[in-house]
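**Student:** Quick one: the structure is below, and I'll ask about it shortly.
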Amino acid sequence: MDFLQIALVLVVLLVLAIPMGRYLSRAFALEETRLDRFFGGAERLIYKLCGIRLADMSWKQYAVAVLVSNITMVAIAYLILRLQGVLPANPSGIAAMEPLLSFNTAVSFLTNTNLQHYSGESGLSYLSQMIVIIYLMFTTPATGIAVVMAFMRGLTGKRSIGNYYVDLIRAHTRVLIPLSIIVTLLLVAQGVPQTMEPTATATTITGAEQQIARGPVASLVSIKHLGTNGGGFFGVNSSHPFENPTPLSNLLEILSMFLIPASLPFTFGFMAKSRKQGWIIFGAMGVMFLAFLLLAYFNEVNGNPALERAGLSQTMGSMEGKEVRFGIAQTALFTAVTTAATTGTVNIMHDTLTPLGGLVPLGEMMLNCVFGGDGVGTINILMYAILAVFIAGLMVGRTPEFLGRKIEGREMKLIAIAILVHPLIILAPTAIALATDMGSAGISNPGFHGISQALYEFTSSAANNGSGFEGLGDNTPFWNISTGLVMLFGRYISIIAMLAVAGSLIAKTPVPETMGTLQTDNNVFLVILIATVVIVGALTFLPVLALGPIAEWLTIR
Amino acid sequence: MWLTNLRLSFVLLLICGLAYPLAMTGISQVVMPAQASGSLIVDENGKVLGSELIGQNFTDPKYFSGRVSSIENNAAGSGSNNYAPSNPALIERTQKDLAAFLEANPGVKQEDIPADLLTNSGSGLDPHISPQAALVQVDRIAKARILDPAKLRALIDEQTEGRSLGVFGEPRVDVLKLNLALDQLK
């Protein structure tokens, strides 16, 4: 039954992803399409209200527009968090958020990370949940989708990489808002609350009093997943019965967060006029995903050997930190998906995962290209594809080309920067955290698992994931500042570098395909691509994984 | 440029941050008021007894008890201890709970206790237990209430929710609903 339910979810995903991929390629086409008739009216109104000019942009104009719009958004978000105590729609009387935590929170939601060093029930007013959290949950994946469209136009197009504002607004009007409305209503039908009423008070049958926090939950949970955001309305995220009440809501949330990342490779195939190319990119990510999923499933289903020795039967699997309604299959699947799509929503506490089960989310975030977050994940895998072409080209002595465009020094330098930044901003701060009191004071679990806790926090920040080994006491100046900076570097360095690559590639004269061209749309390239990801992306992290999860596994197995 | 972005930010904030959640609240409250307000269970006098989605603390031996909750099912918040599988505190808690359970339920064999009953759920608010976790408590409750154990087993069977669409998730029993039904049992 476990394998059947996992396989069914993945089949449904594939059935949805292909048409979605085609839809996205049309929705963001530079040429006029029939979709313009449907969405054009609302979009033109927004352009007019904001005074947006629709001209094509150079990569530099595009990058500057991304940065300026994002700086504006983060400033607004920060101000609201600081002022939430005196603003309306605050029925539970929540006070202002303190400055460093506000910085961390605003940055976290701006960068599509959604690392949460606060607890939603007690840290945010309903107004903040809506006009900070939900607002940024739309605009940041929209930014990611815009940038990936620009990048893919750079690899496949001739005219231009597009206009940032048009892409950003279309991502709202044509993708995120319509889908969110549908998913919100389906979630409410499953029992996710959507109310402005304050916390309810119940008197239990044994006479005790129980406070039950609620709020406008469903409208946040839908975009949390569709936008690969991941920040929960409640502290425990999608393990909370109000965020994820049934196996069906779990299914819906898995599909929502995987839909856009899984369909973008197909969009790329349509844009490159080579559907096979899309399938090869999708296939490479799919193979890596399945390997991670199986590792998580088998480790969790085998239970915790330490508890077995303590006398508690583990035939149900490792149930600490998990919910009965999901069981092992739906939990392992959710965990593999949330860190593949770098969403960061959780339906269990990742801290309680078995050692090698916990290696799965860590590993997926370290690679950061197993589907990845809305937009940026596809950029990362395409970056690895260009790197693979370059390495393979060097090995057989051919000029490296990707889709008829020569890959030269300038592109390789930019890609090298983007690839090297990721391990640097994970490993260096982890080392600092472990070596200093201000870092290691937050660690809650003793032994090797403590190393994993610090490592996980920075990996999650760098990959803009946002899940955590949440035992970590992370609301301190050290963790708020350090993870805030890592999140910023993790998002913007690669976005800017890749826009530069797009700008450089689109200006090149296409070279005709010859006998000597390395084919990138066949299974040989699929293997080369996976090998490149594993060798370049994974080996850097092997030593630190040996110190954390692998050492912990050896001690309790 | 900055002015354009400021205007854009405000327009998107109004659409995504206000219009969208408020419209969703309005529609949900009209179409599905019970679910949208938190699936509250209300008795005949209008008193709120709890939510069918949120677990409650049951320590009285006359009632079925739910999963371990380090926050004692206080749904004003949520959370757990986040014990790593290698954490000695996890072993200690489990051994203590095991001993207490065996004492409260004489006759139950240690290997028959399912893992969900003595582990902390992720949310600390899990409303469910597995059917096995309910069955293992039957003898204690039958004795405390002077009831036929077969009647209790039938009740658990009746209260067991199957997998969604026959495939997804796990079979489970909502502890609050089970205990409410238990009080109705003659």
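**Student:** Just going by the charge dipole of the protein assembly as shown, with Lys and Arg at +1 and Asp and Glu at -1 on Cβ, which of A:366, A:29, A:480 is farthest out on the positive end?
**Tutor:** A:29
**Student:** Moving to a separate point now. Count the lysine pairs in chain A whose Cα atoms lie under 24 Å apart, taking only pairs 8 or more positions apart in sequence or on different chains.
**Tutor:** Lysine pairs meeting the criterion: 17.
**Student:** Among A:140-147, A:207-214, B:162-169, A:456-463, how do they line up from the highest to the lowest mean number of other beta-carbon atoms within 10 Å?
**Tutor:** Result, highest mean first: A:456-463, A:140-147, A:207-214, B:162-169.
**Student:** Right, something else. Sum up the charges of everything whose Cβ sits under 13 Å from the Cβ of residue A:215, counting Lys and Arg as +1 and Asp and Glu as -1, but leave residue A:215 out.
**Tutor:** Every neighbour counted, the sum reads -2.
**Student:** Same structure again: Could you tell me what fraction of 2.2 N^0.38 Å the Cα radius of gyration of region A:1-157 comes to, as a two-decimal ratio?
**Tutor:** Cα Rg divided by the expected 2.2 N^0.38 Å: 1.31.
**Student:** What is the sum of charges around residue A:330, taking Lys and Arg as +1, Asp and Glu as -1, for the other residues whose C-beta is under 13 Å from the C-beta of residue A:330?
**Tutor:** Once positives and negatives cancel, what remains is -1.
**Student:** May I ask you to order A:71-84, A:31-44 by the average number of other C-beta atoms within 10 Å around their residues, highest value first?
**Tutor:** So the order, starting with the most tightly packed, is A:71-84, A:31-44.
**Student:** Under the definition of partner shielding as Cβ atoms of other protein chains within 10 Å of a residue Cβ, what is the mean value for peptide A:300-313?
**Tutor:** For peptide A:300-313, the averaged partner shielding equals 5.
**Student:** Tell me, what ³J(HN,Hα) does each residue in region A:40-49 have, in order and in whole Hz, if you take phi through Karplus 6.51 cos²θ - 1.76 cosθ + 1.60 with θ = phi - 60° and put x for Gly and Pro?
**Tutor:** My calculation for region A:40-49 gives x, x, 5, 5, 4, 4, 5, 4, 5, 4 Hz in order.
**Student:** Across the residues of A:231-242, average count of Cβ atoms on other protein chains within 10 Å?
**Tutor:** 6
**Student:** Let me ask something additional. Label points 7 Å out from Cα along the Cβ direction at residue A:432 and residue B:27: separation in nm?
**Tutor:** With each label placed 7 Å out from Cα toward Cβ, I get 4.6 nm.
**Student:** Quick one: order A:294, A:248 by neighbouring beta-carbon count within 10 Å, fewest to most.
**Tutor:** Ordered from fewest to most neighbouring Cβ atoms within 10 Å, A:294, A:248 come out as A:294, A:248.
**Student:** Taking a spot 7 Å from the Cα of residue A:274 along the direction of its beta carbon, which residues of region A:123-159 have an amide N less than 12 Å from it?
**Tutor:** A:156
**Student:** Nothing charged except the Cβ atoms of Lys and Arg (+1) and of Asp and Glu (-1): what's the magnitude of the dipole of the protein assembly as shown about its Cα centre? Round to the nearest 20 debye.
**Tutor:** So the magnitude is around 2500 debye.
**Student:** If one puts a single equal scatterer on every Cα of region A:350-416 and applies the Debye formula without solvent, what log₁₀ I(q)/I(0) results at q = 0.16, 0.19 Å⁻¹?
**Tutor:** Once normalised to I(0) and log-transformed, intensities are -0.65, -0.79.
**Student:** Note the direction-averaged projected area, equal to a quarter of the hull surface, for the Cα convex hull of region A:1-53, in nm².
**Tutor:** Averaged projected hull area, Cα only: 5.5 nm².
**Student:** Would you work out the Kirkwood radius for region A:359-495? I mean one over the mean of 1/r across all pairs of different Cα atoms, in Å.
**Tutor:** 16.2 Å
**Student:** Shifting gears a bit: Measure out, as a whole number of angstrom, how far apart the alpha-carbon centroids of region A:419-449 and region A:68-145 sit.
**Tutor:** Spelled out, the Cα-based centre of one part sits 26 Å from the other.
**Student:** Can you give the FRET efficiency for residue B:96 and residue B:18, using 1/(1 + (r/R0)^6), R0 = 41 Å, r = Cβ-Cβ distance, to the nearest 0.05?
**Tutor:** So the FRET efficiency works out to roughly 0.25.
**Student:** If I take R0 = 41 Å and measure r between the Cβ atoms of residue A:513 and residue A:308 in this structure, what FRET efficiency does the formula 1/(1 + (r/R0)^6) give, to the nearest 0.05?
**Tutor:** Given R0 = 41 Å and the Cβ-Cβ separation, E is 0.10.
**Student:** Take the Cβ-Cβ distance between residue B:111 and residue B:154 as r, set R0 to 22 Å, and report the resulting FRET efficiency rounded to the nearest 0.05.
**Tutor:** Efficiency computed from Cβ-Cβ geometry: 0.30.
**Student:** So, how do all the Cα-to-Cα distances of region A:435-557 break down into 10 Å bins, in percent, from 0 on up?
**Tutor:** Histogramming region A:435-557 at 10 Å steps yields 11, 27, 29, 18, 11, 5, 0 percent.
**Student:** For region A:492-517 and region A:326-349, what is the separation of their Cα centres, given in Å?
**Tutor:** 35 Å
**Student:** What is the distance, in nm, between label points placed 7 Å from the Cα along the Cα-to-Cβ direction at residue B:7 and at residue A:199?
**Tutor:** 4.3 nm
**Student:** Right, another one. Given 0.36 nm per residue, what is the gain on full extension from residue A:485 to residue A:34 after removing their alpha carbon distance, in nm?
**Tutor:** Full-extension gain reported as 158.1 nm.
**Student:** Could you work out, for region A:26-261, what percent of all Cα-Cα pairs fall into each 5 Å distance bin, beginning at 0 Å and stopping at the bin that holds the largest distance?
**Tutor:** 1, 6, 13, 16, 17, 16, 12, 9, 5, 2, 1, 1, 0, 0, 0
**Student:** Hey, another quick one. For residue B:186, give me every one of the lysines with a C-alpha distance below 21 angstrom, ignoring sequence neighbours fewer than eight places off in its own chain.
**Tutor:** Those lysines meeting the cut-off are B:62, B:143, B:151, B:177.
**Student:** Add +1 for every Lys or Arg and -1 for every Asp or Glu among the other residues with Cβ under 12 Å from the Cβ of residue A:468, and state the total.
**Tutor:** Once all neighbours under 12 Å are counted, the net charge is -4.
**Student:** For region A:228-360, what is the convex hull volume of the alpha-carbon atoms per residue, in Å³?
**Tutor:** Per residue, the Cα convex hull of region A:228-360 comes to 100 Å³.
**Student:** Determine the shielding of peptide A:400-406 by partner chains: average, over its residues, the number of Cβ atoms on other chains within 10 angstrom of each Cβ.
**Tutor:** 0
**Student:** Moving on. Assuming a viscosity of 1.567 mPa s and a temperature of 4 °C, what translational diffusion coefficient in µm² per second does Stokes-Einstein assign to the protein assembly as shown, Rh being the Kirkwood radius over Cα pairs?
**Tutor:** Answer, rounded: 49 µm²/s.
**Student:** Given the alpha-carbon gyration tensor of region B:39-184, what are the semi-axes of its equivalent ellipsoid in whole angstrom, ordered largest first, with each equal to the square root of 5 times an eigenvalue?
**Tutor:** In descending order, the three semi-axes are 23, 21, 16 Å.
Readers should treat all values here as calculations from the given coordinates under stated rules, not as data from a laboratory. The structure presented is a predicted model; accordingly, all values stated were derived computationally and were not measured. Note that we place each Cβ from the backbone using ideal geometry, even for glycine, and neighbour counts take in every protein chain shown.
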